[in-house]
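The values are calculated or read from the model by the stated rules, or taken from the named source; none is laboratory data. These numbers come from a predicted model, not from an experiment. FYI the Cβ positions are ideal-geometry reconstructions off the backbone, even for glycines, and counts take in every protein chain you see.
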Amino acid sequence: MPFESRIVGGTDASEGSWPWIGSLGFSGISHSCGATLIHPYWAVTAAHCVGYFDTIALGFVNFLQESEHREVRRVTVHTHPNYNNVTLENDIALLQLQSPVTFTDYVRPACVSDIRPEVLHYTDCMIAGWGTLQAGGESPDHLQEASVRLFNQSECEFYLSPNFHSDVMLCGGYVQGGVDTCQGDSGGPFVCKDRDGFWTLVGVTSWGFGCGDPESPGVYARITSFVDFIESHINTEYLECDEGGLLLDDQVCDNEVHCNETMSDEAECDALIVGDEIELTSPNYPRNYPNNQRKEYLYISEPSSHLSVQWLDFDLEFSFDFLYIGPNREEAMQLTGSRIPEDFITPSNTLWVLFTSDYSINYSGFSMIIRVVKGNGTYNCTTDSDCRGHHEYCDSSGRCLCDDGFEMMFGVCIDLDECEYRDLNDCDRDVSECVNTEGSYECKCKYGFENINRTCEETRVRCGTITDGSPRTRIVGGGDADRGNWPWIGSLQSYYGGHVCGASLISPEWAVTAAHCVGHFDKIVLGEQKLSEYSSYHQESEVQAFSHPDYVIDETSDVALVYLKNPVRYSHYVSPVCLSFSSDEARDFSNCWIAGWGSLSFGGDFPDVLQESPVNLFNSSTCESLLSPIFLPESMICAGFLDGGRDSCQGDSGGPLVCEDDGGSWALVGATSWGFGCAEPRQPGVYARISHYRDFIEETMNRDYYRCEDGTIISDTDTECDYSINCPDGSDEVNCPPLRDGRRVVISFSSNGDEFYREWIIPAEPELLFRVSFNLLEIGSNQILVQGSSPDFAVFTGFDLPGDTAFPGPELRISFYQEGSPDSRFSMTVLATSEELQICERGLIFTEEMRCNYVVDCSNEESGAFDEENCPLLSSDDTIAIQSPSYPSSYPNDAKINWLFTAEEDHHFEIYFNEFDLEDNFDFVYIANGSNVGNVWEAVYSLTGSRPDTVIYVNSSVMWMQFYSDGSITRTGFTAEIRVVRNIRKSCFDV
C-alpha cells in the first residue's frame, strides 16, 4: 500500500492526535468500525455497526505496532430505540465500557456538540478512521485523518435528496470529491474545533454514495439530535460491579451475570423458593442464536433446596459453540453438538450456566426448564417416566433413589469411587490420592511426592521428563500430540484474542518465550492438549514479561522470561523442561522436536490440538549459508529439513525446540523466533539459542523482587512508601505514613527518553494543603500533571519555572507524561501545610510579586483580573516587552497566557513584533480592546503563522492580549514591544 494513499484522501495521523477515537472489533484485534470516547464509561458509534464487535480498543494508531497506551475494553451496546436500518435514520448507538478508562494524553474524550446550526459555529473539521482507502479496497494499518468542509443542510439535501434527513443527519466533504470516509470508518468521529479550541463531536460516520466521489459528500448522524439520548444514558444512576463496570437497576438480580469476574450483581438477591420454575433459552430461540455470544447466568435457591434441569431442546455447532453448566464455574460440564443431555439435579442450591458462540455458523440453540426442588437427602424425579440407570425406584412422592454404591450426580446415578463409598479418609488429599488397583484401594502419593515411611514427602521434580510414551511423528507437516507429551509447553493468550504464542515452563514461576511476543498476551495456560476445552489438568496464571535488554525486533536477543503470578503445581501434565548447556547442539543432540498451536500453513488457521514434529538441527555453517546475512550463529540456531515440509509457523513463536539428552531427559535448546514462510525448502526455522542466554535467564530468575498485591514483581526491593508508584495497582504506596504539618518531600526525576510515564502519590494528614514549588523544570513539550483531592488539576510544561501552587489534601498525585522531548529533568518540593493561602486558577498561589506585572494570574468573572486591578496607569513613551513562554526555545503545547495593559485616557497602544513564528491556523496571538480578558470573540486581531508586516495599532486605553497554543506542534514563538502613545487629534486609527 503506497503511503500517499490514505482515510480517502487523508494522511497518517500521529499518535495521540485523536485520543478519543476507538477501533471496534472482536477481542480487541480485528477492526470493523470506529467509535468516539465521550466519557470514562461511554463511547458513541453507528447503530448499523452493532453485531460486528464486542470490544473497543483505544490509545493507538497502528495495528502492527505495539503501543503502551493501548486500552481494550469489552462493551455493552445501547442502540437508539428509533434506529431504522433501511433509511439509516437515528444511526447511533452508545457503548458502555465494562470498566472505565483512565484519561491520558492518548485516551481522552471528545466534547459533544449541542449547538445548532453547526455550519455557523464550526469551520475547522476533521475525520479519522481505519476504513478502506477506496470503495472495495483494503483497510490501512495506520489511522488516517483528513480535513473536510461541513456543508450546510440545504447543500446536503441538494446532493443527497431524497435519502438525506436533515433533522438527524449532516454531511461533509468536498464538492469535487477526493476526501471522504469509507467502509470501516463507520461509527467514527466527525469532529470540529469550537471557538475555545476544544474538539467537539459533531457527527458519527453513517453512510455515503461511494468513497470520495464528486458531489457525493459523506453523511453523518447529527449529534445535536441525540443529546437527550446520550445524556439519558450517561446521567442515569448506575450500580457498579466490584471489578468495575456499570449496571442499570434492571440488570441486577435478573439471573444473568453482568459482573463477569465476581458475579456480584447476582450474589445477594432474593433466593428462589421451592416450586419456582424458570425457562432458560439461548438468545433468539427458537430462531438461530447470533454469533459471538457470551451469556452467563446464576440461579440461587433457598438453603437446603436443589435446582433441577429438564432439557427441552439442544442444538449447538459442534466443537465451536458451547454450553457450560453445573453448580459453579469449577464443577461445570461442557456441552456441545445436537445430542440432548441427561436431565440432572444440582448437588447444592446453585446453578451456573455459560453459553458461548464463535464468529460463524449458528443453530437453534437450547431450551431448558429450571425448577427449585426440596433437598432432604434425595432428589425429585425430573420426568414422569421410570427412573433410569441405577435408580432403585421412584417412590410415591416422586423421588428417585439410587442403588447402594451409587450416588445422584447431575440427575444420573453414578458409580461411587470406592474410596468415597468406603469412607477412606486416611489419605491426605493435598499430597496423596486414593486409587483402585485391580480392586485394591489404597492411598498413593501425588506427582512430586514420594512415600517415605508411609508419609508423602515432597521430592525435587526432575526436569525434562515425559510421563507416558514418546512423541510420534507429527506445526507444519506434523500431527496431533498426545496429552502429556510435552508437559512444559504453555499457550500464551490474550484475554480477548485467545492463543498468541508458545512458551516453555522452566520452574513453577517462570517460563521462556520469544521477546517479539511480548505485549500481545496476558496469561499462560498449561496442562492442555486441546485449547477449546478445559481438562482437569488445566492450570493458568496471569503473567509478567521480562524481555532481554538487547532485544531488537527480528534480529538478536529474541528471548524473554515470563513470570507466573500464580505458581503452578507440578503434575504428570505440567512439569518443567531442562535448559540446554550445549554450545554445539547439532553435535550433542540427534532427537529433536518442535511443538505448538501455530498455524498449519503460512497465513492459515490455528489448530485446536497441540501439534508436534521432529526436526533436524543444522550446524551453524549450514544455517549461515542458508540464511545469511540475517542469521547470527552466536545467538541463533536453525532446524527443519532441507526439502521443507515440517516447520514452526505463526503462533508457534516462543514455543520450544527440545532435544533428548543421553540420560533420556529433554532439554530446551531454542525458542521459536523467525523464518521465511513456513516449511519452505532450504528455509529452516530460526530459534533463539538458549545456551547463549543462560546468564540472562538465571540472573532474571534469581534477582530480589518486591511483590505487589496483584502479583506483579518489581526489581527495586526498596519501592515501598518511597512516594513513587511502581506497582500497577499502586499497592507499594498504600497505607504509607502521611506528611505532618510543616514536613516536606523533594520529588526529582530525570529521563533520557526511556521512560514515558511515571506517577507519584504523597499522603498528608487531614485538613492540610500541599504547597508545590519547582526547583528545576526542563521538560520541553512533555507534561507534568499535578492533582490534589479534588477534580481540579494543573499542567506544567516547558522550561520556565512556574510560581508556587497549592492543592487540597489529603493526597497529592503527580504524573509525568513524555510526549516529545526525549530529555527531561525536574525537581519540586512538596510541603504539607495548614497556612491560609489565596489560590488562583490552576492552583497558583497569589503573591504580591504577581500584582501589576501585566500577566493575568488571578482573575474572577465578576471583576476581571484582580491581580491587575488598581495598578498604575501607563503613560506616554512607556514600553513593555513580552514574549511567548520558553522563548527562544519552542513554546509548549496547551499554553494560554493573558496580559492586560491599562493606559491613561487619550492614549493608545502600538505593538511591534520582533520575532513571530507560530503554527499556522492552530496557535494564535489574540489582541482586543477593553478588559474582558480571554473572550477571543472580541479580539480585533487574531495573529498566526509568520510575523505581521505592519505595526499593530489598538485604538483604546485598555488592551488585553492572549497567547494560545493547541495540543500539538510548536514553534519558536514571539517577542514583542508594547508602546504607549498619546492620541493626536489629526490622526485616526481604523481598527
Inside the range 596-631, the number of residues satisfying the requirement of being under 21 Å from His692 (Cβ atoms), at pLDDT 85 or above and part of a loop (DSSP other than H, G, I, E, B) is 1
The condition from (1) within 23 Å of Val461 (Cβ to Cβ); (2) in contact with a Leu (Cβ under 7 Å, 6 or more places away or on another chain); (3) surrounded by 16 or more Cβ atoms within 10 Å (Cβ to Cβ) that Pro684 misses is numbered (1)
Taking the range 1-27 and keeping residues surrounded by fewer than 22 Cβ atoms within 10 Å (Cβ to Cβ), at pLDDT below 85 and in contact with a Ser or Thr (Cβ under 8 Å, 6 or more places away or on another chain) leaves Phe26, Ser27
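Please tell me if Leu831 is surrounded by 15 or more Cβ atoms within 10 Å (Cβ to Cβ) and either of a type in the set (Asp, Glu) or in contact with a His (Cβ under 8 Å, 6 or more places away or on another chain) (or both).
Answer is no for this residue.
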Scanning the range 799-851 residue by residue, those within 23 Å of Pro888 (Cα to Cα), of a type in the set (A, V, I, L, M, F, W, C) and assigned to a strand (DSSP E or B) turn out to be Phe826
**Message:** Given the condition over 25 Å from the mean Cα position of the chain (by Cα) and hydrophobic (A, V, I, L, M, F, W, C), answer yes or no: does some residue in the range 513-520 qualify?
**Reply:** no
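Would you say Asp894 is under 40 Å from the mean Cα position of the chain (by Cα), surrounded by fewer than 19 Cβ atoms within 10 Å (Cβ to Cβ) and either aliphatic (A, V, I, L, M) or modelled with pLDDT under 85 (or both)?
Yes: the conditions hold for Asp894.
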Across the range 908-937, the tally of residues that are in contact with a Phe, Trp or Tyr (Cβ under 9 Å, 6 or more places away or on another chain) and of a type in the set (Asp, Glu) stands at 4
Checked Cys858, Cys871, Cys840 against criteria (touching a Phe, Trp or Tyr at 6+ places or on another chain (Cβ under 7 Å) and more than 25 Å from Phe974 (Cα to Cα)); the one match is Cys840
Residue pairs within 6 Å by beta carbon, gap of at least six or interchain, first lying in the range 926-944 and assigned by TED's automatic domain parsing to the domain that holds Gly973, second of a type in the set (S, T, N, Q) and assigned to a strand (DSSP E or B), listed first then second, are Tyr926/Ser942; Tyr926/Gln962; Val933/Asn898; Gly934/Asn898
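To keep it simple, each residue is scored yes or no on (1) within 24 Å of the chain's Cα centre (by Cα); (2) closer than 24 Å to Trp18 by Cα.
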{"site": "Tyr757", "(1), (2)": "yes, yes"}
{"site": "Pro766", "(1), (2)": "no, no"}
{"site": "Leu777", "(1), (2)": "no, no"}
{"site": "Ser781", "(1), (2)": "no, yes"}
{"site": "Phe799", "(1), (2)": "no, no"}
{"site": "Pro808", "(1), (2)": "no, no"}
{"site": "Phe816", "(1), (2)": "yes, yes"}
Requested in this report: Kindly check whether there is at least one residue in the range 763-786 that is assigned to a strand (DSSP E or B), among the basic types (Lys, Arg), surrounded by fewer than 19 Cβ atoms within 10 Å (Cβ to Cβ) and not assigned by TED's automatic domain parsing to the domain that holds Glu15.
Outcome: no
From the option list Tyr289, Tyr363, single residue qualifying as aromatic (Phe, Trp, Tyr), over 21 Å from Asp254 (Cβ atoms) and surrounded by 17 or more Cβ atoms within 10 Å (Cβ to Cβ) is Tyr363
Screening Val77, Val168, Val112 for residues that are surrounded by fewer than 17 Cβ atoms within 10 Å (Cβ to Cβ), under 25 Å from Asp228 (Cβ atoms) and aliphatic (A, V, I, L, M) leaves only Val77
Going through the range 110-122 in order, the residues found to be within 23 Å of Gly34 (Cα to Cα), of a type outside the set (A, V, I, L, M) and part of a loop (DSSP other than H, G, I, E, B) are Ser113, Asp114, Tyr122
Among the residues of the range 319-359, the number that are farther than 24 Å from Leu531 by Cα, charged (D, E, K, R) and buried (at least 17 other Cβ atoms within 10 Å of the Cβ) is 1
Scanning the range 859-883 for residues that are surrounded by 20 or more Cβ atoms within 10 Å (Cβ to Cβ) and touching a Leu at 6+ places or on another chain (Cβ under 8 Å), the one modelled with the lowest pLDDT turns out to be Ala865
Open item on the list: Here is a check on your reading of the model: is Ile690 under 31 Å from the mean Cα position of the chain (by Cα), buried (at least 16 other Cβ atoms within 10 Å of the Cβ) and not hydroxyl-bearing (Ser, Thr, Tyr)?
Closed with: no
task = Kindly establish whether Ser491 is buried (at least 16 other Cβ atoms within 10 Å of the Cβ), modelled with pLDDT of 85 or more and either over 30 Å from Pro681 (Cβ atoms) or polar (S, T, N, Q) (or both).
result = yes
